Structures are given as structure tokens and as C-alpha cells.
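Engineer: One structure follows; several queries about it will come next.
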Amino acid sequence: MKYLDEFRDPAAARELSAALHAVTTREWRIMEVCGGQTHSILRFGIDQLLPPAITLLHGPGCPVCVTPLEQIDKAIELARRPEVIFTSFGDMLRVPGSSTDLLSVKAQGGDVRIVYSPLEAVELARRNPQRQVVFFAVGFETTAPANAMAVRHARGSGVANFSILVSHVLVPPAIEAILASPECRVQGFLAAGHVCTVEGYEEYEPLAARYGVPIVVTGFEPLDILQGIYLCVRQLEEGRAEVENQYARAVRRQGNEPARASVREVFEISPRKWRGIGEIPQSGLRLRESWSEYDAENRFTLLTGEVDEPAECISGQILRGVKKPNECPAFGTRCTPESPLGATMVSTEGACSAYYRYKPHA
Amino acid sequence: MPDFTLSCPIPLTTYPHVLMAHGGGGRLMRNLIQQLFAAAFDPQSDTDSAVLAVSGSRLAFTTDSFVVTPLFFPGGDIGSMAVHGTVNDLAMSGATPHSLSAAFILEEGLPMETLWRVVESMAAAARACGVRIVTGDTKVVERGKADGLYINTSGIGFFEHALVLEPASIRAGDAILLSGDIGRHGMAIMSSREGLQFESDITSDSAPVAGEVQALLGGGIQLRCLRDLTRGGLASALVEISLSARARLGLTESAIQTRQDVRAACEILGLDPLYVANEGRFVAFLPADQADQAISILPAASIIGHVERLGEPLVTMESPIGGSRIIDLLSGEQLPRIC
Amino acid sequence: MARVSFGGVIKEVSLAYTPEAVPGDYVLVHVGFALNTVDEEEAQKTLELLRQLEPAGAETIDDAPGGEAA
């Protein structure tokens, strides 16, 4: 496929790896904040092509992993209601709430369905006017335009039985929270290409300047990631801290204006809890007052309140790059993909699950 | 191991209800079979067919049930699949398939014409495989209690050679042969699933493989172990064998053939083709010095890896760019990812 | 809505956010929406940079701090 095969070329990967070895003179710790990149790194074994002096840390980039426990519990509560068809992306179904998961709710009669796009959930609502269709609107900046369009489309076409359970988060405030922490070990970031496709990368420029860290907007394919790391290391070696764009074929500095406008019309910035990290100010999106009729938390009276996370799970430290998954005493023993203690073990994009599947743990 | 208090309120190792994941070909299904079924019954082997000694000769015996929506899909239908599935399970023990049974669970309201098409397809598939459907059963359930119809087939087969094909026969150094490209059946079904649909020319690979196995045996290949790829795909089949044989398998990703459209559909939905279902592909373990000869017998096949050593159940795969990763069982069914 | 081909697999995709897209363009798609048209010139430039790295491979490790990719 065009733009996939070219960016998976083995010979070019070896050359990039050699160039990276050549430019690296000391130890560097670089964090990617994108579930898709984490997945690529482990699936292709990209970490094994790096000089040993470079450590990759897997940040809070997986939308499934960072969705807080109480939003999962609300999803489960909604999915149990007989009038509700609960729709979601596939991998949210296996994320445990505080007592069960959506797969179990489905097994007990809840109407839970996987969709590829939120527009398909609106279509489901149109075809089932006697039911309430709720879509689990999780994700980063990348998914927000799709969810914004879904509610706009519902209003525009008079589909009143559609609503969304919102758990939207934003990358730059999370990067800032990591950098501002006194235990921060991260020296450079790969910013997620798809996120920047929507929002551009202006917002990263003050972060790079204030904290003195290079930030490289990076794509998902093996060569993209290797080149992103290469550019980041080169900046570190040269003592620079700038925003660079490795993913110029898809990312413009301003992002995608129509998509940003659509998101701003429907959503506003709000505080958000992140699973494993806690509340980060101005790090999420919620529906604006004028769109609150499409907010499932308004439409239904929910009993779920604040929920605490299991104490043993160190996913917060993993997401902030303080620890690696295999440094957790529960890793692979009391915490496995079948019996996850925290969401980083649940999603295939989660750092712990990716480690469990792709790294030796026997 | 450090002593830790399990403070987590969500140990979902055991679910109080059956989930779809218990039939997904992954770890939950393996646990269900080992802890519940195998504990209660008397399984004869960890292969797809039991091999029984009956009056001095060996008999292969197997059974399989077929539930698929839609009933007719690009490249096949539930009827032909029900014949191929059981014929293939027999072939995987090295047996020559002989006779099948066919049991039907029909849903009230199923159009008779649909049933007739399915039965015709079964009959044609049986003729093509050289087996006879000799006995059967019929039950009808109320409307809404089945997806149109479910089929169970059982089969018996006999052996024309003395080889014992099972994981325990695998030796260090053996080559691993894959009989063709992967992922077509699962993606053909997925293309018609509500909420995930796409248009493509992908057709199921549903086909009998007994002929290919006979060709290998007839060509003098000293087969050690065979496994057809069904739910859970190539990855799950190899992990299962690795666990049974306690063998470390090393695979090369670039040797595994996947059609471009299958790869594309997997990219769109966030699925790994290694775990996508097949209905007409198998892996064969054979002595490495017979690998070239095996490929000349089955030109569509490829050697995808080797048995590195015995004693350590582990499957690793080298990626096209040179890194390697561990291949493990999934928990249950593969779920489409967000990004 | 548009029909987008992914290496022969066709999916209905919304072009609401890429009004500039015309038949024949490559688009980046996420959950049913095209998020951007792919800039083929930029893609070629990136690949070109990767190719230029090649002479800076193993032989010139010591004196190649990476001035070749701007």
C-alpha cells in the first residue's frame, strides 16, 4: 500500500539505525505519547534497532488506558439499561471498571455493539427510534472531530435518541504535567502525528521552549518513528530544544482548520481525570452548554460517583515514564491481559499489554 | 517473588458467565477447555482429532460445530464450511477422511430455500472431498433462538501410514511450513459485519486440505505434526503447538504471505492478520532437509520458520525491519482498535 | 461521503474536514473521517531525506553527526 510499504523498508530502517548509532554519544530518554506508536515500536521491534544508550518511555497515549475508572463504570451503568444500545470502539469493551467490564454486561443481556465510526452509532439511532443509542466518545484530539460531527449530524438530521458519554483528553496538557513533575525523567518527546494532523503543533512550541525539551511530530510507520527518534536525538546532542515536524506529509503547523472549528463549536476545554495519573487541569473536552442535550450524563440519571483506583497498580508511574512495565512486581503475575489490574494492561496499545505480548516475561 | 497484597477489586481471571471470548480461540478458551472440559472428560490427545485403536487398526475421530453469520459469505457458506472443517480436522491427524455425520439445529421461520441451498452445498463439498455423509439429526428451535441454522459434523478417518502426527513428534531443527496466504476467511466475514462493513474482493479461503496432506505424505515427507488454522489464526495455532510440544519456535514475518487487500482491511480496523481466522490453511512441521521437497509438492506454501529448540514453550517472530517480538495467545476474540 | 480505497478495500469515509480533496488524492483516515490530504511532495521529501542518510551509514559513523537531514 502506498505510504505504508515505503515507510516499512528494511534497508532504509538499517540505514536510519546506523545513522542513529552514529549521532548518539550519551544516554537519552525519549517518550512517545501515542498508543499507535507504542504498538508499532513493539510490533516491529524498533526498540531493538536503537543504540543501547537510548531508552524509549511509553507515555499516556492510549485512549483506552487513560479513560478513568468512573467513566468506565458510567458506561457499564448505561449499557445495563434496557432502553440503551451502547456503542463503542472495540477495545473499550475489555477495559475493567471497578467491578466488571462491558463484555460481561453484554453477556448478561446488555445491548453493547462495536462500531468503526461514531457516525455509524448515529445511523443505528436513526434506525432504532424507540431505543436510546449512546456512543462512548473516548480519545485524543484525533477522535474529537469525528465525535463533534456525530452530534452535529444527529442535531442536523433530527436524531434525538442519540447521545455521547464523553471522556476526551488532550495531549499538550499531559506533556506539561509530566514535564512539571519533579520526578520527570523525560528528555525529549515524540508528538503523535495524528493528533497534530488535527490540532497542528503551535501549542508545543512554548512547551519546548519553557522546559528545554525537543518535541518531534512523528508518524506511525517504522521509518517515521526511527526518523523521529533520530531528529530528537540530534537536537539533544546539539543542545537544541525545538519543535520539528517529521510527519510533514500529513501535518501542517496550523492543523486542520475545519476540523478544529467543528471541535470548538461542540466541545469546550475542561479539567479531566486520567486513569493512573489523576486530574490534570484543562486537559479534556466536554460538550458545551448549547449541546448538553447530547450529553449522556445529562440525559440519564447516573448513580456512579467518584471511584478510586486499585492501589497496587503502578500505571500512573508507567504513563509518566517513571517506571517500565516489567519493573512492576505484579507484571505478568497478578496482572495479565486476562486479569488486568490497570488499563495499561488492557488495551493492545497499553504499555503493559504491549510489553506482555511482545517482550519476554516467562 | 515479593509478597504482595492483592488490593485490586477486579480479578477477572474467572468470569461468572460465558463470554464470546470463551469461543474466540484465545487464552480464555484454552482455560475453559483445560479446566472444565478436559477435567471432566477423557480427551485422547491435544490435536484436532482423537486417534483410537479399534480392533487392531487406528481410527481418527473428530467433531466440530459451525455457527457463522452471514450463512453465505464471499467464497463459501456454512454448508461447505461444515464439511471442510471436519475433513480438515481428520486430515490434521494424517488420516484419510472416510464418513461424516451432519446434525442441524434449525430456527423456526428459516426459509426452506435457504436450507436447501446449504444442504446442496454440503453435498457438493462432500463429493469433492470423497467423503460420504452417512447419518445425522434434526432439531428445530423457536424463532430468535438461533441465527438461522447451526450445523454440527463429526467424522471418522483411517490411516494409510504409520506416522504419528502430534506435537510430541516435533524435533529441534524442524522446518515450519505454512500452506498458503492467511487471514482471508476472517476478513471476508468481517466485511459484512454490522458497524464494520467494507467493500472488497476478499473471499474466504474455505477449502478442504486433505488433498494437500495426502500429497505431502505421498511424496515421502516425514510429517511430524499438522494443525489447521481456524479461530485465532496462525499465531494461536503455533502458540498452542509450542505449549503442547514445549518447543521454541522462531518465525520470519516476511515469509508469511498476506494478500494486500487483507492487510489493508486489517490496517483499517486495527487487527493483526496473524490472529485472523482461516478455513483452508494449515501448518506442517517436517524435517528441515525435506523443506525444499515439500515446497515443490505444494508450490503455494512457504517455510515460515524453524523449531529452535525443545524444552521452552515460546514463539518469537522477526519483523521485516529486523526486530523481534513474542507471539502470544490473545485473551479472546481480537477486537478492533481505536488507532 | 466518499469512497476511499485502502489498497483495494473500499470504505465510506466522510470528507467533511477535507473539502479540498478530489478523486485521486491520498487521505489520512481516522474512525471514518479523512483528517487531511497527504502531501505527496512532502512524502517524497521525507523519503528523499531517508535515502540521503544512506551514505552516512556504518562507514562514516565517527564524523557524521547528522548534518544531512535538515
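Engineer: Six or more apart or on different chains, Cβ under 9 Å: which pairs go from a residue in the stretch B:236-256 that's on the phi > 0 side of the Ramachandran plot to one that's crowded, with 24+ Cβ neighbours inside 10 Å? Could you list them?
Structural biologist: Going by the 9 Å Cβ cut-off, there are no qualifying pairs.
Engineer: Limited to the stretch B:292-316, what total is found for residues that are part of a strand (DSSP E or B) and more than 9 Å from chain A (Cβ to nearest Cβ)?
Structural biologist: 10
Engineer: For residue A:295, state whether it is surrounded by fewer than 14 Cβ atoms within 10 Å (Cβ to Cβ) and under 22 Å from the mean Cα position of the chain (by Cα).
Structural biologist: No, not satisfied.
Engineer: For the stretch A:76-112, which positions are under 20 Å from residue A:147 (Cβ atoms) and either within 18 Å of the chain's Cα centre (by Cα) or modelled with pLDDT under 95 (or both)?
Structural biologist: Within the stretch A:76-112, A:88, A:89, A:90, A:91, A:92, A:93, A:95, A:102 meet the criteria.
Engineer: So, residue A:270, is that one more than 26 Å from residue A:196 (Cβ to Cβ), modelled with pLDDT of 95 or more, assigned by TED's automatic domain parsing to the domain that holds residue A:97 and surrounded by fewer than 22 Cβ atoms within 10 Å (Cβ to Cβ) or not?
Structural biologist: In short, no.
Engineer: Among strands (runs of 3 or more DSSP E) lying entirely in the stretch B:43-113, which contain 1 or more residues that are at pLDDT below 95 and outside the structural domain of residue B:245 (by TED's automatic domain parsing)?
Structural biologist: So the answer is B:50-54, B:57-66.
Engineer: Would you check which residues across the stretch B:317-339 are surrounded by 20 or more Cβ atoms within 10 Å (Cβ to Cβ), touching a Phe, Trp or Tyr at 6+ places or on another chain (Cβ under 8 Å) and part of a strand (DSSP E or B) and list them?
Structural biologist: Listed by number, the list holds a single entry, B:325.
Engineer: Any residue in the stretch C:61-68 that is at pLDDT below 75, touching a helix residue (DSSP H, G or I) at 6+ places or on another chain (Cβ under 8 Å) and in a helix (DSSP H, G or I)? I'd like the intermediate steps shown before the answer.
Structural biologist: Pass one, the stretch C:61-68, residues at pLDDT below 75: C:61-68.
From what's left, touching a helix residue (DSSP H, G or I) at 6+ places or on another chain (Cβ under 8 Å): C:61-62, C:64-66, C:68.
If we keep only those that are in a helix (DSSP H, G or I) as well, we get none.
No, that holds for no residue.
Engineer: From the list A:342, A:321, which one is at pLDDT below 85, within 23 Å of residue A:43 (Cα to Cα), more than 14 Å from chain B (Cβ to nearest Cβ) and touching a strand residue (DSSP E or B) at 6+ places or on another chain (Cβ under 9 Å)?
Structural biologist: On inspection, the qualifying residue turns out to be A:321.
Engineer: Could you tell me whether residue B:265 is within 30 Å of residue A:133 (Cβ to Cβ) and not hydroxyl-bearing (Ser, Thr, Tyr)?
Structural biologist: yes
Engineer: Show the residue pairs meeting these rules: Cβ distance below 7 Å; 6+ apart or different chains; first residue within the stretch C:15-34 and in contact (Cβ under 8 Å) with a residue 12 or more places away in the chain and within 10 Å of chain A (Cβ to nearest Cβ); second residue polar (S, T, N, Q) and in a loop (DSSP other than H, G, I, E, B).
Structural biologist: So the pair list comes out as C:17/A:256; C:27/C:18; C:32/A:117; C:34/C:18.
Engineer: Still on this structure, please answer the following. Across the stretch B:224-259, what is the number of residues that are closer than 19 Å to residue B:31 by Cβ, among the charged types (D, E, K, R) and in contact with a Leu (Cβ under 7 Å, 6 or more places away or on another chain)?
Structural biologist: Matching residues across the stretch B:224-259 total 1.
The values are calculated or read from the model by the stated rules, or taken from the named source; none is laboratory data. Because the structure is predicted, anything quoted here is derived from the model rather than measured. Virtual Cβ from ideal backbone geometry, glycine too; neighbours counted across all protein chains shown.
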